[in-house]
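The structure appears below as structure tokens.
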Amino acid sequence: MDGILCIDKPEGFTSFDVVAKIRGMLGTRKVGHAGTLDPMATGVLPLFVGTATKACDILPVQDKRYTATLRLGVSTDTQDITGTVLNRRPVKAGAAQVMEKVALFTGAQKQLPPMYSAVRVNGQRLYDLARKGVEVARKPRAITVYAISLLGADENDHTYTIDVACSKGAYIRTLCHDLGEALGCGAVLTALRRTAACGFSLDDCITLSAAQDLADQGILRNRLLPVSSVFTSYSPLRLDAKQTKMFGDGVRLSLARLGLHNAEPGASFTVFGSDGAFIAIATADPASDNLISKKWFGGARP
């Protein structure tokens, strides 16, 4: 049982809570996830089952998209509404000022990870230290915000909703916090919904309750997407029976004999066996005329 199951994570669940439930529904321990969501957040959580877990560290698309709601005038220790209020400040900014400052947060930039995060410093999770009242120096991390747009505004309540497309590693809580500081009044995240992750969208997701219904009917595994679905940006390559056997035995196949003599160095391929089954991710090395296996997904090698 191998594949990808996209869950619309409900509020109040950790990402691992969802993994644990799906493990029980599918009757397997081999379930992982890509892209942790805070308990207050909802939305796209791709789960990888069986050999699909091998894909987690080589995903070609790791960008995310969120709909976030923030409130100006309040700052908390967690940078979201669940934290302890640190201060309240008067708000003089309106929608026009918010839109003006939002534009400053697009593009490549450095972001300081929040103390309440899973980032490790000297082997310890920051959130473990934060819960003990310890704050440590953190290094800013490179992120990219591809686009931000204002979806809604309630100037009376100082509440704004934004759409954010960003790279892996970006903290939307911190983005809202930094936006509030730029406006001189502070801000907290009040709601967060991930609308896209790893090339999947909400249209690809089912709810936990729907997953349970399918599990009760014994057909949840039918909802698993093929492992190759996260590699659609790569060119597909179909091998014949002899090539499949050779490649499975660890033989580096000739690019020229595969008709790939014009392949760019480092070009990636989804490799399918003679029976049409997805078996590997491979890269081209024109200098040696070899197709090199990067990750094997075909189960036991021939």
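Inspection of region 98-112 identifies no residue that is touching a Lys or Arg at 6+ places or on another chain (Cβ under 6 Å), under 22 Å from Asp154 (Cα atoms) and touching a residue at least 24 places away in the same chain (Cβ under 8 Å). Within region 198-225, the set of residues being without any contact (Cβ under 8 Å) to a residue 12 or more places away in the chain and of a type outside the set (A, V, I, L, M) comprises Asp203, Ser209, Asp213, Asp216, Gln217, Gly218, Asn222. Checked against the criteria, Phe247 counts as farther than 30 Å from Gly107 by Cα and surrounded by 13 or more Cβ atoms within 10 Å (Cβ to Cβ). Would you say Val271 is of a type in the set (A, V, I, L, M, F, W, C), under 30 Å from Arg141 (Cβ atoms) and in a strand (DSSP E or B)? So Val271 does not fit the description; no. In summary, Gln217 fulfils each of the numbered conditions (1) closer than 30 Å to His33 by Cβ; (2) buried (at least 18 other Cβ atoms within 10 Å of the Cβ) with the single exception of condition (2). For the list (1) over 14 Å from Glu181 (Cβ atoms); (2) assigned to a helix (DSSP H, G or I), I need the number of the one condition that Pro113 fails. Unmet for Pro113, out of (1) over 14 Å from Glu181 (Cβ atoms); (2) assigned to a helix (DSSP H, G or I): (2). Restricting attention to region 48-62 and to residues that are among the polar types (S, T, N, Q) and surrounded by 17 or more Cβ atoms within 10 Å (Cβ to Cβ), the residue that is nearest to Asp204 (Cα to Cα) turns out to be Thr53.
Taking the options Arg131, Arg120, name whichever one is more than 24 Å from the chain's Cα centre (by Cα), modelled with pLDDT of 70 or more and under 20 Å from Leu37 (Cα atoms).
Being more than 24 Å from the chain's Cα centre (by Cα), modelled with pLDDT of 70 or more and under 20 Å from Leu37 (Cα atoms) holds for just one of Arg131, Arg120, which is Arg131.
Looking across region 257-302 at every residue that is in contact (Cβ under 8 Å) with a residue 40 or more places away in the chain, surrounded by fewer than 18 Cβ atoms within 10 Å (Cβ to Cβ) and more than 26 Å from the chain's Cα centre (by Cα), the one that is nearest to Phe231 (Cα to Cα) is identified as Ile292. Between Glu135, Glu155, the distinction of being in contact with a Leu (Cβ under 8 Å, 6 or more places away or on another chain), exposed (fewer than 15 other Cβ atoms within 10 Å of the Cβ) and in contact (Cβ under 8 Å) with a residue 12 or more places away in the chain belongs to Glu135 only. Once region 11-31 is narrowed to residues that are outside any loop (DSSP other than H, G, I, E, B) and modelled with pLDDT under 95, the residue that is farthest from Asp80 (Cα to Cα) is Phe16. Where the second residue is part of a helix (DSSP H, G or I) and among the small types (Gly, Ala, Ser) and the first is farther than 19 Å from Leu260 by Cβ and lies in region 226-249, which pairs have Cβ atoms under 9 Å and are six or more apart or on separate chains? Pairs that qualify, where the first residue is farther than 19 Å from Leu260 by Cβ and the partner is part of a helix (DSSP H, G or I) and among the small types (Gly, Ala, Ser), are Pro226/Ala52; Val227/Gly50; Val227/Ala52; Val227/Ala55; Val230/Ala52; Val230/Ala55. Restricting region 39-60 to residues that are out of contact with any Phe, Trp or Tyr (no Cβ under 9 Å at 6 or more places or on another chain) and either outside the structural domain of Val19 (by TED's automatic domain parsing) or assigned to a loop (DSSP other than H, G, I, E, B) (or both), the residue that is nearest to Glu155 (Cα to Cα) is Met40.
Within region 226-256, being over 32 Å from the mean Cα position of the chain (by Cα) and among the aliphatic types (A, V, I, L, M) holds for Ala241, Met246, Val251, Leu253, Leu255, Ala256. Residues of region 174-188 include at least one that is surrounded by fewer than 16 Cβ atoms within 10 Å (Cβ to Cβ) and either on the phi > 0 side of the Ramachandran plot or in contact (Cβ under 8 Å) with a residue 40 or more places away in the chain (or both).
Looking at this structure, is Thr84 of a type in the set (Val, Ile, Thr), in contact with a helix residue (DSSP H, G or I) (Cβ under 7 Å, 6 or more places away or on another chain) and surrounded by fewer than 19 Cβ atoms within 10 Å (Cβ to Cβ)?
Values: of a type in the set (Val, Ile, Thr): yes; in contact with a helix residue (DSSP H, G or I) (Cβ under 7 Å, 6 or more places away or on another chain): no; surrounded by fewer than 19 Cβ atoms within 10 Å (Cβ to Cβ): yes.
Taking the combined requirement at face value, the residue does not satisfy it.
The values are calculated or read from the model by the stated rules, or taken from the named source; none is laboratory data. None of the values given here were measured: they were computed from a predicted structure. Quick reminder, even Gly has a Cβ in these numbers, built from the backbone with ideal geometry, and neighbours come from all protein chains shown.
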